[in-house]
Amino acid sequence: MKIIRNIKEMSEVAKKHRQRRKSIGLVPTMGALHEGHLSLVRQARRENVFVVVSIFVNPAQFGAKEDLKSYPEPFKNDLVSCRKEGVDIIFHPEAKQIYPEGYKTYVEVKNLSDLLCGKPRPGHFIGVATIVTKFFNIVQPDTAYFGQKDAQQAVIIKKMVKDLNIPVEIKVMPIVRQKDGLAMSSRNTYLSAQGKKDALVLSQSLNLAKDLIQKGLRDSHKIIHSMNNLIKNKKAAKIEYIAIVDSKNLKPIEIIKNHCLIALAVKIGKARLIDNYLVT
Ligand code: PAF
């Protein structure tokens, strides 16, 4: 496994593999790898000759008051995990190479970036779309892998790739959960012992929604209301949003039907957690 820090070198290595017609799989990450990331890496490994994992804590997707400075960076552990999974290249560029002085170009997917998580985090998805576009240009992968936990991110990236005719296939892999139901997230490391228990309320509220839908309830407002009541029972939980939206355009829907997304963001202490359930 090779670690590449330089953009030009990354492009050249990827180009050589493309010329030998070797399929390239890219897993973009910000590091602090957990089983969720590793499920993407394993899928990339199964489907490609050459696997690149990018590890880059992207400053452009953090707001001024967010956790850029404290974001976990267990780089050595990440290398051990990637080596174990048979990754070929870790692309770990420096921020000043990605955003040199005078950098001016950003990618915005309109009418999707400002919804749900985009409301309390203005600019977040512009930062995500920009870095992902840059990585697609540098590596030019055949396939790139993202997690369903970041459902809005996946919708935005798919739309961006379609709108900008970027020749890459996007694969979105299922949410990986702990045994107790908590969705895997790098930000779970911010949770105290009590916070870990309180955080279960996110998946519990989604399970409640599932049960209500299975029992025949279709009214989004009633489902959101029940989820809201369950979460509000936990003193430590601060709801940012609970939404039921169309899974493609992320617009709110009144009556539950197939292909809608139930998504929520809740703060537990200083950890901002998201989770979702796709109604199929
Ligand atoms: O999902 C993430 O970890 C990040 O948003 C991504 C896609 C690696 C871009 O920085």
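The values are calculated or read from the model by the stated rules, or taken from the named source; none is laboratory data. Note that this is a predicted model, so its numbers are computed, not measured. Don't worry about glycine lacking a Cβ; one is built from the backbone with ideal geometry, like all the others, and counts go over all protein chains shown.
For every residue, the table says whether it meets (1) more than 20 Å from N6 (Cβ to Cβ); (2) in contact with a Gly (Cβ under 7 Å, 6 or more places away or on another chain); (3) of a type outside the set (V, I, T); (4) surrounded by fewer than 17 Cβ atoms within 10 Å (Cβ to Cβ).
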position	(1), (2), (3), (4)
R20	yes, no, yes, yes
G25	yes, no, yes, no
P28	no, no, yes, no
Q43	yes, no, yes, no
E47	yes, yes, yes, yes
F56	no, no, yes, no
A60	no, yes, yes, no
E66	yes, no, yes, yes
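For the residues V52, V107, V27, the requirement of being out of contact with any Leu (no Cβ under 6 Å at 6 or more places or on another chain) and at pLDDT 95 or above singles out V107.
Considering (1) assigned to a helix (DSSP H, G or I); (2) within 19 Å of A271 (Cα to Cα), the lone condition that A60 does not fulfil carries the number (2). Among the conditions (1) outside any helix (DSSP H, G or I); (2) more than 13 Å from the ligand (Cβ to nearest atom); (3) within 21 Å of V51 (Cα to Cα), the only one that K179 does not satisfy is (3).
A quick yes/no check of all residues on (1) over 28 Å from R42 (Cβ atoms); (2) of a type in the set (S, T, Y); (3) touching a strand residue (DSSP E or B) at 6+ places or on another chain (Cβ under 7 Å); (4) surrounded by fewer than 20 Cβ atoms within 10 Å (Cβ to Cβ):
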| residue | (1), (2), (3), (4) |
| --- | --- |
| H92 | no, no, yes, yes |
| Y99 | yes, yes, no, yes |
| A129 | no, no, no, no |
| M160 | no, no, no, no |
| L164 | yes, no, no, yes |
| K171 | no, no, yes, yes |
| Q178 | no, no, no, yes |
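The set of residues from region 192-250 being among the aliphatic types (A, V, I, L, M), more than 21 Å from L115 (Cα to Cα), free of Cβ contacts under 8 Å to residues at least 40 places away in the same chain and out of contact with any Leu (no Cβ under 8 Å at 6 or more places or on another chain) comprises A193, L212, L217, A237. Checked against (1) in contact (Cβ under 8 Å) with a residue 24 or more places away in the chain; (2) closer than 26 Å to V107 by Cα; (3) within 14 Å of the ligand (Cβ to nearest atom), G25 passes all but condition (3).
Residues of region 138-169 that are within 11 Å of the ligand (Cβ to nearest atom) and under 21 Å from H17 (Cβ atoms): A144, Y145. Screening region 45-78 for residues that are within 12 Å of G25 (Cβ to Cβ) and of a type in the set (S, T, N, Q) and picking the one that is nearest to the ligand (Cβ to nearest atom) gives S54. Taking the criterion of being out of contact with any Pro (no Cβ under 9 Å at 6 or more places or on another chain) and farther than 18 Å from E35 by Cα, the residues of region 158-183 that qualify are K158, K159, M160, K162, D163, L164, N165, I166, P167, I170. Taking region 1-22 as the range and being away from the ligand (no atom under 16 Å from the Cβ) and closer than 14 Å to I90 by Cβ as the test, the residues that pass are M1, K2, I3, I4, R5, N6, E9, V13, A14. Are any of the residues in region 117-124 among the basic types (K, R), surrounded by fewer than 24 Cβ atoms within 10 Å (Cβ to Cβ) and closer than 19 Å to H37 by Cβ? Taking every residue of region 117-124 in turn, none turns out to be among the basic types (K, R), surrounded by fewer than 24 Cβ atoms within 10 Å (Cβ to Cβ) and closer than 19 Å to H37 by Cβ.
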